[in-house]
1. Among the residues of the stretch 147-171 satisfying the criterion of being touching a Ser or Thr at 6+ places or on another chain (Cβ under 8 Å) and of a type outside the set (A, V, I, L, M, F, W, C), which is surrounded by the most Cβ atoms within 10 Å (Cβ to Cβ)?
2. Do the conditions hold for L306, that is, is it in a loop (DSSP other than H, G, I, E, B) and not hydroxyl-bearing (S, T, Y)?
3. Determine which member of the set E212, E208, E231 is under 22 Å from A121 (Cα atoms) and in contact with a Gly (Cβ under 7 Å, 6 or more places away or on another chain).
4. Out of Y304, Y274, report the one residue that is touching a helix residue (DSSP H, G or I) at 6+ places or on another chain (Cβ under 7 Å), in contact (Cβ under 8 Å) with a residue 60 or more places away in the chain, crowded, with 19+ Cβ neighbours inside 10 Å and of a type in the set (F, W, Y).
5. Taking the stretch 470-498 as the region of interest, how many residues are assigned to a helix (DSSP H, G or I), small (G, A, S) and buried (at least 22 other Cβ atoms within 10 Å of the Cβ)?
6. List pairs: first in the stretch 60-89 and over 21 Å from A214 (Cβ atoms) and in a loop (DSSP other than H, G, I, E, B), second open to solvent by 40 Å² or more (accessible area, probe 1.4 Å) and of a type in the set (G, A, S), Cβ under 9 Å, 6+ apart or cross-chain?
7. Among the listed residues T550, T558, identify the single one that is surrounded by 21 or more Cβ atoms within 10 Å (Cβ to Cβ), out of contact with any His (no Cβ under 7 Å at 6 or more places or on another chain) and polar (S, T, N, Q).
8. Go through the stretch 435-445 and count every residue that is farther than 12 Å from S459 by Cβ and at pLDDT 95 or above.
Amino acid sequence: MEVQFTDQIEQLKLGCGATFHGEGILAITKALLQSGVAYIGGYQGAPVSHLLDVMVQARSYVETLGVHVEACANEASAAAMLGASIHYPLRGAVTWKSIVGTNVAADALSNLASPGVVGGALIVVGEDYGEGASVIQERTHAYALKSTLALFDPRPDLPNMVRLVEHAFALSEASNMPAVMELRIRACHVRGRFVAKDNVAPRFSTRELIAEPAAFDYMRLAHPPVTFAHEKLKVAQRIPAAQAYISAQGLNERFDAEHGLHPEVGLIVQGGLYNALIRALQQCGLADAFGASRLPLLVLNVTYPLVPAEVSGFCAGRRAVLVLEEGTPEYIEKDLAQALRRLDVQTPVHGKDMLPAAGEYTVEVIAQGLLAFADAHLPGLDLSAARAWLAANAARRADVEKSLGALPARPPGFCIGCPERPVFAALKLAQAQVGPVHVAADIGCHALATFEPFSSGHSILGYGMSLASRAGVSPMLQRRTLAIMGDGGFWHNGLLTGVQSALFSGDDAVLMIMKNGYTSATGTQDILNTPDDPAKAEAQREGALHQSLTHKNQVIETTLKGMGVQWLRSVHSYDVDAMRRTLQEAFTSPFNGLKVIIAEGECQLERQRRIRPWIAGRLQRGERVERVKYGVDEDVCSGDHACIRLSGCPTLTLKDNPDPLRVDPVATVIDGCVGCGLCGANAHAATLCPSFYRAEVVRNGSWFESLLARFRATLTAALRPARA
C-alpha cells in the first residue's frame, strides 16, 4: 500500500505506563499485541480496515514478537486461519467487515465453533450498521446464536475496549468458544487514551516453534459422528463456562442511578449504544454533563450469551425495564424476556414496542423512546425540556426545507480521473448501438456507476459474484448480459464462483474486469496484480507519468488463459472509443462462450500518491516537469452539456456564458483536473462538439520554451478580440 501508517505503528510499540492516544480501532490493534496474540489475519473492509493495514505495515516490528501476520484472500480464508487454535494454545485474531464478511466466512466459522478452541480465538468485526453504512442492514448477532460464538459489543471507551479484548481471549480459552467483537463505525473512530501495557510475546510463535504436531484426536474434527457430541458440549459446558467467566470478571457494567433517583425502572443497553444513550439521557435531563445517569443502567459489553442471574438481579423488583437494541430481530430482548420468565421474574420488558424496529438508534431516536418509556412508567417526571429540544430540531428541519426547498441528492461518485468512469461512458455509447443490456454489478468502486449519470447495474449479489449472478437471467434474454467486477473482486470470489462456473457450463456471457491494480474500495490494498515497486520506479525514470502501470502485471490474463478463456481483450480504460468498439464486438461476436474484457487503468488515488512526491522532488531540484491539463474553448462550446451527461467528472462543470448574446451556460474544467483525458476522449468517441483542448503546463522549462511561450502569448493577445 502507498498509504503510510508510521505514527500508528509507533503507538503499537508503547510500553507499560505510556499513554496511548488515538482511535478505537488502533486501540484494539494495540490490545491484541498486549494480549499475547500469536497470529493475525483478515480481509480489509470499513470500518475496521486500519487494523489489518497497520499490522501489515508493522510486520517488521511484530515479527520481533514472533507474531505472524497474513493478509488473506477473503474472509473465508481468514476464518480458516483460526483452525490453528483448535489444537494448539495459540491466541489468534482475524478481522473483516460486518455481515457481508461473516457471510463469506460462515462455513469456516461453523466448522470452527463445532469442535471449539483451546487457544483464544477472536474475530474483530466492523459492524457496519446504520445510516452511514455501505452494506446490507443485517447483524452479526444471528451468527453468534446459531454457531455459539461469544459476542462482545464494547462500550466505546478506549480503556474499556482494551480491557475487553484481553478478556475476550481469556473467555474463549475458559469456555472453548470462539469470540466475536463487533465494533460500530463510531466505536472504531472514537478517540481517547489509555495507559498501555507491554506487548506480550506469545508462548509459541514464529520464534518459539512447536516441536511436534498435536496428537490425532477425532473429537477435534468437525465431522460426524462427533459433531453430535459437539452440540451437547456447547449447551452443557461451553455456554455455562462463558456465563461464569462473564459474571466472575464483571464484563458487563452496572451503573446504579445517581443519588438513588428513579431506581424503580432500569435501562439495558448494548455496549456500542452507550454513548448515544447517555447523550439522549442528558437531553432528557436524566444524566449530567459527566454522564452520570439518573436511571439505573446495565451495559451489555457481552451480548451473547446473557447471564440469567445477572439480568434477573438487575430487573427484579423494578416497575419496568427498557431494552435498547439496535436492529431487527430483537435477539437480546427475546433472550432477556425468556430468561426472566424462566426465573419467575415478572418485570415488564419493553424494547421494540417503544423504539423503532429497524434503523440506527441516533440520539433523537433514543430520546423519543425514553419519552415513551417515561410516559408509561414515570408519569410524574418533567421532560418538557426534552420535548422542546425534539420540537426545535423538527422545526429547524422544516425551516431549512421551506427556505431551500428539496435539497439536491448528493450521491457518491468516482474519484477525479478514476479509470472506471470512461468504461461506463463507453458502455453508454455501446448500448446506443446494440441496445440496452442487462448489467450484473458487483461490490467495489465500479458500483458507483449505479448512480447518475450512468445508472448502470441491475443487481449486486456479493463481492465477486456478478458473473455468477447473471447465470439465471442470461439464458432468458435475447441479448447477451454483461457482468462487471474489479480485480479485487476477481481474486476474492469471482475467479471460482463466476469464471470457473461459466467456463464449465459453456455460458455465453460478457465479463468486464476493472484492472486498476488494487483493492481500491477498501483502501487500495495490494493484490496479486498490483504493480510492483520496480515497475513504478521504471515509469518514473522514464517520465511515464500518464501511462497505466497495470499492464506491467499480467497475472489475471495468464490465469484466465490457463483456465481456458479463449476470447480475451485488454483495452486501456481511458480510450473510450476503443472500449466502445470492444464492447460492441463482445455483444455481437459469433463466438459462443465467455468473453472477457480487461479494462487497464491504474487507480487514480494510487497514481497520485505515486507521482506527486516524485514531481515535488523534481521541482525542488529545478528539473523540468510537464503536466497535462484539459479545458473547454467557451467560444466553441455549444452549451448542450452532453459531455457532462456522458462523463459525470466533478471537474467538468458549468459556468456563465461570457457571450452576452448567448444565455446557455458553457462547460468548463475547474482546478482539480488530473489530466486523464476523459472529457476529450468522450467528445471524440461520441462525436460531440470539438470544444475541448489539451494544454501542457511546463514548469522549469528550457530557455527556448520560455521564449516560445512569451512569443505565443504576445501573438494570441494581439489576435484576441476585445470584450466588454
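The values are calculated or read from the model by the stated rules, or taken from the named source; none is laboratory data. This one's a predicted model, so the numbers in the text were calculated from it and none came from an experiment. Quick reminder, even Gly has a Cβ in these numbers, built from the backbone with ideal geometry, and neighbours come from all protein chains shown. Surface accessibility is based on the protein's heavy atoms, side chains included, excluding ligands, DNA and RNA. Shrake-Rupley method; radii C 1.70, N 1.55, O 1.52, S 1.80 Å.
1. D153
2. Yes.
3. E208
4. Going through Y304, Y274 in turn, the sole match is Y304.
5. As a first pass, look at the stretch 470-498 and keep what is assigned to a helix (DSSP H, G or I): 474-476, 487-498.
Narrowing the set further to residues that are small (G, A, S) leaves 474, 488-489, 494, 498.
If we keep only those that are buried (at least 22 other Cβ atoms within 10 Å of the Cβ) as well, we get 488-489, 494, 498.
Final tally of qualifying residues: 4.
6. Here the result reads C72/A80, each pair linking the stretch 60-89 to a residue that is open to solvent by 40 Å² or more (accessible area, probe 1.4 Å) and of a type in the set (G, A, S).
7. Answer to the selection: T550.
8. Counting residues in the stretch 435-445 that are farther than 12 Å from S459 by Cβ and at pLDDT 95 or above gives 3.
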